[in-house]
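Peer 1: Let me begin by handing over the structure; questions about it come next.
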Amino acid sequence: MNPHDSDKLEAAIHGVLRRLPDRKAPAGFEGRVLAELARRAALPWWRKSFAHWPSFVRMGFVAGSAVAALALVYGLFALGGSRGALQVAGGISNSLAWIAFARDIVSTFDGKVRMLIAAVPPLWLYGAAGTVAICYAALAAIGAATYRAVTFARQTS
Amino acid sequence: MCKYQDMVFTTSVRLVRNEAQAEDISQEVFIKAHENFEMLSTSPSAGGWLKTVATNLSLNHLQRYRKRWKFFSEFGGDSGAEDSPPVEFAAPDTFFDAVDSDERRAWVEDALSKLPDHQRVPLVLYHFEEIPYDEIATRLGVSLAKVKTDILRARTALAKIMSRDDASFKMLAN
């Protein structure tokens, strides 16, 4: 399509589209909006968004949040410096001893896998990686083609 | 509200295509308008404000689904028009003479709704909302070149659909 045709097409489509009248809103739309406004207005303040809360509640909420944050920070520092904290940490460490055991098993398994991979010729590894990539791309292509076919069928039906 | 409800609904339904979703979006527009009633009640540009909010909410709605389906919907290029033969269409006035009946207007709306989202949305923003190409690109988060290509393809596809429907219409009429 040359630029002249393109301009002509643009003018034609623009003319057709701009002269289309507005579509009618569904019947009862106004009533639905008014009902929704009434429903929202009837909600208690604490079920509305923060901006609709009474100002003294908003200020109280901000002040309360600040106090809670300070108390939390202070509490964490106090807990970290106490003798009880060390006992708690020791208890947690004992109860999580199985993690160290699991780590040993994983590291042993990892070593065996590394040895196995080192024994496989690199060409086989590249081939396997390529096969996996091709399968993945094929799956994506089939999915996309199916989606487009279904969408096209729905649009033309 | 009666004055603007058709305009708001039309703006939304042309972008999202689904009437139920467009109705939900339109409702949200008027709820926002109610929240800004003091400002809008005295503003001469209330209609423009409503149209802008309807456009923005519709685009937000589309973006939510677009992220999910972007890959599949845009994969493999278009079934569209770039390589297809040029479309024969009548000159604008002649063409529109045939579009004056309600039935034919419905056909044009139907043809518009048959376009895929990535063509219809920029076309609607350009021709109905009169937003320039570069702003459409920014708002949709795509390149300027893609916007231009999509709009060109949309026009061609639209002309093709309308030509086909026009031929069917004439055949039925005879």
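The values are calculated or read from the model by the stated rules, or taken from the named source; none is laboratory data. All values derive from a computational prediction rather than experimental measurement. In this analysis, Cβ positions are derived from the backbone assuming ideal geometry, glycine residues included, and neighbour counts consider all displayed protein chains.
Peer 1: Name, by its number, the condition in (1) touching a helix residue (DSSP H, G or I) at 6+ places or on another chain (Cβ under 6 Å); (2) of a type outside the set (Asp, Glu); (3) within 30 Å of A:Trp46 (Cβ to Cβ) that does not hold for A:Leu76.
Peer 2: Of everything listed in (1) touching a helix residue (DSSP H, G or I) at 6+ places or on another chain (Cβ under 6 Å); (2) of a type outside the set (Asp, Glu); (3) within 30 Å of A:Trp46 (Cβ to Cβ), A:Leu76 misses just condition (1).
Peer 1: Let me ask something else about it. Counting only residues that are part of a helix (DSSP H, G or I) and either at the interface with chain A (Cβ under 8 Å from one of its Cβ atoms) or crowded, with 20+ Cβ neighbours inside 10 Å (or both), which one in the range B:90-106 is modelled with the highest pLDDT?
Peer 2: Selected residue: B:Arg105.
Peer 1: Can you confirm whether the range A:95-106 contains a residue that is more than 30 Å from B:Thr10 (Cβ to Cβ), within 35 Å of the chain's Cα centre (by Cα) and within 14 Å of chain B (Cβ to nearest Cβ)?
Peer 2: Among the residues of the range A:95-106, not one is more than 30 Å from B:Thr10 (Cβ to Cβ), within 35 Å of the chain's Cα centre (by Cα) and within 14 Å of chain B (Cβ to nearest Cβ), which makes the answer no.
Peer 1: From the residues in the range A:1-58 that are acidic (Asp, Glu) and within 10 Å of another protein chain (Cβ to nearest Cβ), which one is farthest from B:Ala33 (Cα to Cα)?
Peer 2: By that ranking, first place goes to A:Asp5.
Peer 1: Still on this model: Quick one: count up the residues across the range B:2-21 that are under 13 Å from the mean Cα position of the chain (by Cα) and either more than 9 Å from every other protein chain (Cβ to nearest Cβ) or among the basic types (Lys, Arg) (or both).
Peer 2: The number of residues fulfilling the criteria is 6.
Peer 1: Got a sec? Which of A:Ala153, A:Ala69, A:Ala100, A:Ala128 is under 30 Å from B:Ala111 (Cα atoms), without any contact (Cβ under 8 Å) to a residue 60 or more places away in the chain and in a helix (DSSP H, G or I)?
Peer 2: Criteria check complete, one pass: A:Ala153.
Peer 1: So A:Ala140 clears everything in (1) more than 22 Å from B:Lys114 (Cα to Cα); (2) at pLDDT below 90; (3) hydrophobic (A, V, I, L, M, F, W, C) except one condition, right? Which one?
Peer 2: Of the numbered conditions (1) more than 22 Å from B:Lys114 (Cα to Cα); (2) at pLDDT below 90; (3) hydrophobic (A, V, I, L, M, F, W, C), the odd one out for A:Ala140 is (2).
Peer 1: What residue, among those in the range B:22-47 that are aliphatic (A, V, I, L, M) and over 17 Å from the mean Cα position of the chain (by Cα), is nearest to the other protein chains (Cβ to nearest Cβ)?
Peer 2: By that ranking, first place goes to B:Ile31.
Peer 1: Can you give me the number of residues within the range B:1-53 that are at pLDDT 85 or above, among the aromatic types (Phe, Trp, Tyr) and over 21 Å from B:Ile136 (Cα atoms)?
Peer 2: Result for the range B:1-53: 2.
Peer 1: Which pairs have Cβ atoms under 7 Å, sit 6 or more apart or on different chains, and link a residue in the range B:1-24 that is of a type in the set (Val, Ile, Thr) to one that is outside any helix (DSSP H, G or I)?
Peer 2: Partner pairs satisfying both residue conditions: B:Thr10/A:Asp22; B:Thr10/A:Arg23; B:Val13/A:Arg23.
Peer 1: Would the range B:151-161 turn up any residue that is among the β-branched types (Val, Ile, Thr), at pLDDT below 90, not in a helix (DSSP H, G or I) and not assigned by TED's automatic domain parsing to the domain that holds B:Asn60?
Peer 2: No, every residue in the range B:151-161 fails to be among the β-branched types (Val, Ile, Thr), at pLDDT below 90, not in a helix (DSSP H, G or I) and not assigned by TED's automatic domain parsing to the domain that holds B:Asn60.
Peer 1: Also, quick follow-up: Of (1) loosely packed, with under 10 Cβ neighbours inside 10 Å; (2) modelled with pLDDT under 85, A:Phe101 satisfies all except one. Which?
Peer 2: (2)
Peer 1: Can we say A:Ile134 is free of Cβ contacts under 8 Å to residues at least 12 places away in the same chain, β-branched (Val, Ile, Thr) and within 14 Å of another protein chain (Cβ to nearest Cβ)? Spell out how you get there, then give the answer.
Peer 2: Numbers: free of Cβ contacts under 8 Å to residues at least 12 places away in the same chain: yes; β-branched (Val, Ile, Thr): yes; within 14 Å of another protein chain (Cβ to nearest Cβ): no.
Spelling it out, it is not the case that A:Ile134 is free of Cβ contacts under 8 Å to residues at least 12 places away in the same chain, β-branched (Val, Ile, Thr) and within 14 Å of another protein chain (Cβ to nearest Cβ).
Peer 1: Name the residues in the range B:25-44 that are of a type in the set (Phe, Trp, Tyr) and touching a residue at least 24 places away in the same chain (Cβ under 8 Å), would you?
Peer 2: B:Phe30
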